[in-house]
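Everything on this sheet refers to the single structure shown next.
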Amino acid sequence: MADEKQIKAEEMYGVACTALDEMGWTYDRDDEKLVISTGAKGDDFPISLIIRILADAETISVISPLNFNISEKTRIEAAIAVSVANYGMIRGGFDYDFTDGEIRFRVTAPYNNSEISTDVIKLLLLIAANTMDNYNDKFFMLSKGALSIQDFIKQEKGED
C-alpha cells in the first residue's frame with residue numbers, strides 16, 4: 001500500500017509542476033521530498049508559496065508563510081486576529097505558532113481515490129496568494145502596533 005501511495009504522490013507532484021509550467025511561474029523543486037517552492041508578487045509584500053505532496057495523507061497542501069514573524073509583544077493580539085480571520089474562512093485557514101510568531105496560510109485538497117487536475121492546483125495557489133495578499137499587511141501593522149486588535153476586528157466585520 002505504501003508503494004501505491006508513493007506512486008500516486010509522485011504523480012500529483014508532476015501535476016503540480018505542470019500547473020506551474022502552464023501558469024508560466026518559476027519554481028524550485030525538491031523531487032525527493034515532493035516539495036515545490038514558488039512565489040507571487042502581492043500588493044504590499046512578496047508572497048511565498050510552498051506546495052507539499054503528503055504521500056501518507058494522500059493530500060496536496062499549499063502553504064504560504066508570512067515573510068516576517070509577529071513580534072513578541074503583540075503575539076496575544078495576533079492569536080486573536082488569526083482566530084477572527086479563520087472564523088469566516090471557507091477555503092483554507094491560518095496556522096499560528098505562538099512560540100515564534102510564525103503565521104502561515106494553508107489550503108489542502110485530498111486526492112485519495114481521485115484525480116486532481118492542474119486547474120485545481122492553480123485554484124489552490126490563487127486562493128493562498130489572494131488570501132495572503134489580503135492579510136499580510138494587516139498582520140504586519142498589528143505586529144508593529146500600527147493596527148489595534150479592535151480595529152482588525154472591525155475591518156473583518158466590515159465596520160471600518
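General observations
- Counted residues, region 121-152 - those being in contact (Cβ under 8 Å) with a residue 60 or more places away in the chain and either within 28 Å of I51 (Cβ to Cβ) or among the β-branched types (V, I, T) (or both): 17
- Which numbered condition K5 fails, given (1) modelled with pLDDT of 95 or more; (2) not in a strand (DSSP E or B): (1)
- The one condition in (1) part of a loop (DSSP other than H, G, I, E, B); (2) modelled with pLDDT of 95 or more that Y13 fails to fulfil: (1)
- Long-range neighbours under 9 Å by Cβ, at least six apart or interchain, first residue farther than 20 Å from A109 by Cα and free of Cβ contacts under 8 Å to residues at least 60 places away in the same chain within region 43-68, second in a strand (DSSP E or B) and of a type outside the set (S, T, N, Q): P46/G39; P46/A40
- Selected residue [of a type outside the set (A, V, I, L, M, F, W, C) and free of Cβ contacts under 8 Å to residues at least 12 places away in the same chain] from E4, E22, E10: E4
Condition check ((1) touching a Cys at 6+ places or on another chain (Cβ under 7 Å); (2) crowded, with 19+ Cβ neighbours inside 10 Å; (3) among the aromatic types (F, W, Y)) across all residues:
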| residue | (1), (2), (3) |
| --- | --- |
| A85 | no, yes, no |
| F105 | no, yes, yes |
| Y111 | no, yes, yes |
| E115 | no, no, no |
| L123 | no, no, no |
| L126 | no, no, no |
| D137 | no, no, no |
| L142 | no, yes, no |
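- Selection status of A40, in a loop (DSSP other than H, G, I, E, B) and among the aliphatic types (A, V, I, L, M): no
- Flag for F98 being among the aromatic types (F, W, Y) and surrounded by 15 or more Cβ atoms within 10 Å (Cβ to Cβ): no
- Residues that are at pLDDT below 95 and either part of a loop (DSSP other than H, G, I, E, B) or more than 24 Å from L126 (Cα to Cα) (or both) within region 75-94 comprise G88, M89, I90, R91, listed in sequence order.
- The set of residues in region 108-135 that are part of a helix (DSSP H, G or I) and out of contact with any Ser or Thr (no Cβ under 9 Å at 6 or more places or on another chain) comprises D119, V120, K122, L123, L126, I127, N130, D133, N134, Y135.
The values are calculated or read from the model by the stated rules, or taken from the named source; none is laboratory data. Owing to the predicted nature of the structure, the values given are computational and were not obtained by experimental measurement. When we count neighbours, we look across all protein chains shown, and the Cβ atoms used for this are built from the backbone with ideal geometry, even at glycine.
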